[in-house]
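Notes follow once the structure below has been shown.
The values are calculated or read from the model by the stated rules, or taken from the named source; none is laboratory data. It should be emphasised that the depicted structure is a prediction, and the values quoted were computed from it without experimental measurement. Surface areas here come from the heavy atoms of the whole protein model, side chains and all, with no ligands, DNA or RNA. Shrake-Rupley method; radii C 1.70, N 1.55, O 1.52, S 1.80 Å.
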Amino acid sequence: MMISTLLAATGLAQLGSSLGAGIATIGAGLGIGKIGSSAMDAIARQPEASNKIMSNMILTSAFIEGCALFAIAACAFIIK
């Protein structure tokens, strides 16, 4: 009885960490898509500021990717 309860808890932990990794990936994808869309709108309005907008867009996308990578790594460590 005790072993089956432990196995069920382990399975739920693995399910939760897998869902967490998936949500982190989806959130990062949506965030980067929103950044790209907003940057293209801003460049369309002011083409002379495209270099500043692009560099800020790339920097912000890198920060989002870093946060998503940490979230996925944390979920992977929970899975074991």
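Expressed in nm², what is the orientationally averaged projection area of the convex hull enclosing the Cα positions of the chain?
For the chain, averaging the hull's shadow over all directions gives 5.2 nm².
What angle, in degrees between 0 and 90 and rounded to the nearest 10, separates the Cα long axis of helix 50-79 from the longest principal axis of the Cα atoms of the chain?
Between helix and principal axis, roughly 0 degrees.
Suppose a student asked you for the relative contact order of the chain, using Cα pairs under 8 Å spaced at least 6 residues apart; what percent would you report?
52
How large a share of the accessible area of the chain, in percent, is made up of carbon and sulfur atoms when the probe is 1.4 Å and the other protein chains stay in place?
The nonpolar share, carbon plus sulfur, comes to 75 percent.
By how many degrees, 0 to 90 and rounded to 10, does the Cα axis of helix 2-45 deviate from the longest principal axis of the chain?
0
Per residue, how many Å² of accessible area does the chain show with a 1.4 Å probe?
Ligands and nucleic acids excluded, the result is 75 Å² per residue.
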